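Below is one structure, written out as structure tokens; comments come after it.
The values are calculated or read from the model by the stated rules, or taken from the named source; none is laboratory data. Everything numeric in this text was worked out from a predicted model, so none of it was measured. Here Cβ is always computed from backbone atoms with ideal geometry, including for glycine, and neighbour counts include all displayed protein chains. For the accessible areas, the whole protein counts, side chains as well, though only heavy atoms, and no ligand, DNA or RNA atoms are used. Shrake-Rupley method; radii C 1.70, N 1.55, O 1.52, S 1.80 Å.
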Amino acid sequence: MNLEKYLDISTEVKEALDAGKPVVALESTILSHGMPYPENAEFASEVEKIIRGKGAIPATTAIINGKLKVGLTPEELLIMCKAENVGKVSRRDVPVYLVTKQTGATTVATTMLIAAMAGIRVFATGGIGGVHRGAETTMDISADLQELANTPVCVVSAGCKQILDIGLTLEYLETMGVPVLGYQTSDFPAFYCRKSGFGVDYCLKDAKEAAEILHTKWELGLKGGVVVGNPVPEEYAQNFEHMEKVINEALEMCKERKIRGKQTTPFLLATIKDLTGGESLATNLQLAYNNARVASDIAVELSKLG
Ligand code: PSU
Ligand code: MN
């Protein structure tokens, strides 16, 4: 492998990694295709501040000018937030974007891939992709799940949205041997809501315990990632039944407009935001901040284990 040719790690992130200091990866699809401008720009700088405040170094990933970037400058972050001619890059798109020098926002799958190449083990996001409702006919299953099966990164998320079939998503992760851990909860969170009605494999006491489990998994040579489900703080949580109605409406619109493939998730995210009059955006921001806090704590604990 000739990683150096393609990887462009910022000096700050490189120094932290060389010194064994905690680093937290962040994705850019959440910026370019998951949140509107300029709220996403405010979010991008705030989330990095939160991670630094916890004693870790943030490393947002993206594909810019033929390089896999790890750690973006404020100017590069702004490019991702403005999202003009920025594609959504999953694993399959990576070589095309590198060769054609298109600007690409990285999904959970691609961020895990790049983080692992750089040696980053912990990643904070909003929600993971999963098995879409109706996947038995559409075969629409996010590449995020296959990446979790293969790539050694811990993804701290608020679970996944009800736009997905949460039960089938958890079944898939079980089949692929991916631990699904609840952060101080026994319920797998449903993004806007603290509970999905589905249980997790184990309820974590704290970040130290999470780090010990990660360390043990990888020391054993067990391949693949880990999902940590961290519920949105109570005061920002939405009502499950209300979100179910909104999501069903969004899914209906998706069908009517014949939205398919990689457009599906961004379409649903934007439609939900419109239907809730921006209320969902406030929840989205807060849960992602909360994931950044927990991911930082886990990265700090993991760095102590060597
Ligand atoms: N779910 C969210 N917010 C997001 C995404 C998913 O609640 O921003 C983004 C993530 O980048 C995730 C991607 O990796 O969508 C999944 O897309 P797809 O379903 O096309 O695999
Ligand atoms: Mn898909």
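Okay, here's what the table says:
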item	result
Accessible surface, region 166-218, averaged per residue in Å² (probe 1.4 Å)	45
Candidates ALA190, ALA115, ALA250, ranked by Gaussian network fluctuation over the chain, Cα under 10 Å, top entry	ALA250
Most mobile of ARG260, ARG121, ARG91 in a GNM of the chain (Cα contacts under 10 Å)	ARG260
Which listed pairs, of LYS49/LYS88; LYS14/LYS54; LYS14/LYS67; LYS5/LYS49; LYS245/LYS273, have C-alpha distances above 20 Å, in listed order	LYS49/LYS88; LYS5/LYS49
Sorted largest first, extent of region 100-212 alpha carbons per principal axis (Å)	45, 40, 26
Solvent-accessible area, 1.4 Å probe, carbon plus sulfur percent, for the chain	52
Computed [θ] at 222 nm, helices only, for the chain once each DSSP H run of length n ≥ 4 contributes -39500 (n - 2.57)	-14500 deg cm²/dmol
Within-13-Å neighbourhood charge of LYS223 [Cβ basis; K, R +1; D, E -1]	-1
For the chain, radius of gyration divided by Kirkwood radius, i.e. Rg to Rh on alpha-carbons	0.93
Region 33-139 - accessible surface per residue (Å², probe 1.4 Å)	42
Ranked by how many other beta carbons lie within 10 Å on average, peptides 27-33, 263-269 from highest	27-33, 263-269
Solvent accessible area, Å² - ASP274, 1.4 Å probe, full protein context	110
For region 21-161: rounded, prolate or oblate by the Cα gyration tensor [a/c cutoff 1.5]	rounded
